[in-house]
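The numbers here are math on the coordinates, done by the rules we state, and not lab data. What you are looking at is a predicted structure, and each value in this text was computed from that prediction instead of being measured. Because the Cβ atoms are built from the backbone with ideal geometry, glycine has one as well, and the counts that use them run over all protein chains shown.
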Amino acid sequence: MANNIAFQAMGKTYAVVVNGAANTQSNVVTVTPDSPSNQYFLSNGDNNFAVYVAVSSSSNVTAALPETTPSYVIALPPYSYKVITGPASSATNPVYVRIIGDGTNATCYVTPGEGL
């Protein structure tokens, strides 16, 4: 359940990276919190381009640019962060994250936790 408190990390921070050309999907990253959570702190702090983040309970998660076809992604502008509510996760029930970027070598950092 989402909490109405300051964000508290409940696990490690994961880097989701695209090495290479724009409009290329990253590998799927498995995010496993230390404690049950369903909120995620997303950060696009070192990229001059927007990234589009897909978070799913399925390892078959796909990230696609929404410019041509609607896609289940969260847009994250350059040098920004946001907390999202997503699928519940725990040490035995991870979530899967994949990104796609508007530019080369996109990176997004993901931290599981609770709060705003």
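Just a few scattered comments:
- Residue with peak Gaussian network fluctuation, the chain [Cα springs, cutoff 10 Å], from Asn23, Asn44, Asn93: Asn93
- Mean silhouette area of the range 49-88, derived from the convex hull of its C-alpha atoms and averaged over all directions, reads 3.3 nm².
- Binning all Cα-Cα separations of the range 1-45 at 10 Å, short to long from zero, yields these whole-percent fractions: 22, 45, 24, 9.
- Choice from Pro78, Pro94, Pro66 showing the highest fluctuation, given a GNM over the chain with Cα pairs closer than 10 Å: Pro66
- Sequence-separation-based contact order of the chain, relative, with Cα cut under 8 Å and 6+ spacing, percent: 47
- Filtered chymotrypsin sites (Phe, Trp or Tyr not before Pro), the range 43-73: DSSP coil and at most 16 other beta carbons within 10 Å: Phe49, Tyr72
- Highest-fluctuation residue, Gly20, Gly86, Gly11 considered, GNM on the chain with Cα pairs under 10 Å: Gly20
- Rg/Rh (Cα only; Kirkwood hydrodynamic radius) as it applies to the chain: 0.95
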